[in-house]
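Structure record follows, encoded as structure tokens.
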Amino acid sequence: MKRLRRYPFADIIFGTVAFLASFLVLSLVFSTILVLYNESSLAIHKFGIINFILTNDWDPVREIFGAAAPLYGTIITTVLSLIFALPVAIGIAIFLSEVSPYLLKSPIGIAIEMLAAIPSIIYGMWGLFTLAPLMADYIEPAIQKTLGHIPIIGKLFEGEPQGVDLFTASVVLSIMIIPFIASIARDSLNLTPNIMKESAYALGATKWEVVKDIMIPYAKLGIYGGVVLALGRALGETMAVAFVLGNNHQITTSLFDSAATITVTLANEFTEADTDIYLSSLFYLAFLLFILSFVILAIAKFFLLKAEKNYSR
């Protein structure tokens, strides 16, 4: 207490700097919202909200624009990438924290973290020139042959496999977000107290039972956090998806068809917007992506805080 009284000016400076840093974040968020709303106001007034979201047409010649197809592509690729990435990432985290020999933990851990540092455009080029031909020639035909005859699931794999489609884009995106989930899940699993694991082993539990009943419940909040982080990365990814998705503004039920996402549409068409309404519609898409990301991450954060509250009881 004496030291705090001796340096009141330093405390004031520290508190002011901390407040300004926090206020800067809020200012950036609100300024982004204002800029996006101002630039998209022309499209908002012309198309409205519900009509713009539900309209599938995207025709710059007739100046008719709708966000249904890009929104659909964004949601589908994000959900599929999480479905593909989550089991793999959790498996990697479990292997590194409990199964892997000591000599392999460090090299594999470094390799996983290096994946997160690779620029997204490199993932896109690899996906286009390496993965897409493999998907078109081998993987997608095999999936179509195996699952195509199932009444409901088969409709997801109709059409001619082409490699540049929703399925390939989701696979590339899942590879990109695996390091985020795996690294955070591994660190969370490593925080499990050794006494809890040793007690379970002493009672006769197998390694699988220790992982399933001790480590995963203890680390679930950290795993949720990694999923939320990966979700934010998947929603906003542009270049990797642009290479392997195409730019087809159509809602399709087949994963083997090309499609469009909001970020891909912005990247491909922003320089081509030669009219005010065209440019405003692109800003409108960006505004919707911002709101979609904010809402989804807010919902995920809500469930994370709820789980943390229940876990602390």
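The values are calculated or read from the model by the stated rules, or taken from the named source; none is laboratory data. What you see is a predicted model, and the numbers here were worked out from it, not measured in a lab. Because the Cβ atoms are built from the backbone with ideal geometry, glycine has one as well, and the counts that use them run over all protein chains shown. Calculation scope for accessible area: heavy atoms of the full protein, side chains included, ligands and nucleic acids excluded. Shrake-Rupley method; radii C 1.70, N 1.55, O 1.52, S 1.80 Å.
What the table below lists for this structure:
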quantity	calculated
Translational diffusion coefficient (Stokes-Einstein; Kirkwood radius from C-alpha pairs) of region 163-204 at 10 °C, 1.306 mPa s, in µm²/s	122 µm²/s
Percent of alpha-carbon pairs separated by more than 21 Å within region 11-149	73 percent
Net dipole in debye of the chain [+1 Lys, Arg Cβ; -1 Asp, Glu Cβ; about Cα centre; nearest 20]	1900 debye
In sequence order, calculated HN-Hα J values of region 103-120 (Karplus, 6.51, -1.76, 1.60; Hz; x Gly/Pro)	5, 8, 4, 5, x, 5, x, 5, 5, 5, 5, 5, 4, 5, 8, 6, x, 5
Share of Cα-Cα pairs in region 265-308 lying beyond 17 Å, as whole percent	48 percent
Contour minus Cα-Cα distance for L305 and L103 (0.36 nm per residue)	69.1 nm
Set of region 52-89 residues, backbone N closer than 14 Å to the point 7 Å along the Cα-Cβ line of L115	81-89
Shape of region 157-292, Cα gyration tensor, a/c cut at 1.5	prolate
Pairwise FRET efficiency - M239 versus F30, Cβ, R0 = 30 Å, nearest 0.05	0.60
With every protein chain in place, the chain: carbon and sulfur % of accessible area (1.4 Å)	70 percent
Largest to smallest accessible area among K197, K155 [probe 1.4 Å]	K155, K197
Probe 1.4 Å - accessible area at R62, Å² to nearest ten	140 Å²
Subset of K197/K301; K105/K212; K212/K301; K197/K220; K145/K212; K207/K301 violating a 27 Å alpha-carbon distance limit	K197/K301; K145/K212; K207/K301
Most positive-pole-ward Cα, S106, Q144, L166, against dipole of region 77-195 from beta carbon charges	S106
Nitroxide proxy distance, nm - points 7 Å out along Cα→Cβ at L221 and I12	3.8 nm
Potential lengthening between D187 and M125 on full extension [0.36 nm per residue; Cα-Cα distance subtracted]	19.2 nm
Point-charge dipole on Cβ atoms (K/R +1, D/E -1) for region 180-313, about Cα centre, debye to 20	920 debye
Potential lengthening between A298 and T206 on full extension [0.36 nm per residue; Cα-Cα distance subtracted]	29.3 nm
Cα-based convex hull volume of region 72-169 per residue, rounded to whole Å³	139 Å³
Estimated 222 nm signal from helices in the chain, with DSSP H stretches of n ≥ 4 weighted -39500 (n - 2.57), rounded to 500	-23000 deg cm²/dmol
Cα gyration tensor, region 1-82 - rounded (a/c under 1.5), prolate or oblate	prolate
Top positive-direction residue, dipole computed over the chain with Cβ charges, set G232, F52, G246	G232
All Cα pairs of the chain, percent lying beyond 35 Å	36 percent
Heavy-atom accessible area per residue - the chain, 1.4 Å, Å²	56 Å²
Neighbour count of at most 16 Cβ within 10 Å plus DSSP loop: longest GluC sites (Glu not before Pro)-free window in the chain	159-313
Mean shadow area of region 218-313, taken as a quarter of the surface of its Cα convex hull (nm²)	7.9 nm²
E198 paired with T271, simple spin-label distance in nm, labels 7 Å along Cα-to-beta-carbon	6.2 nm
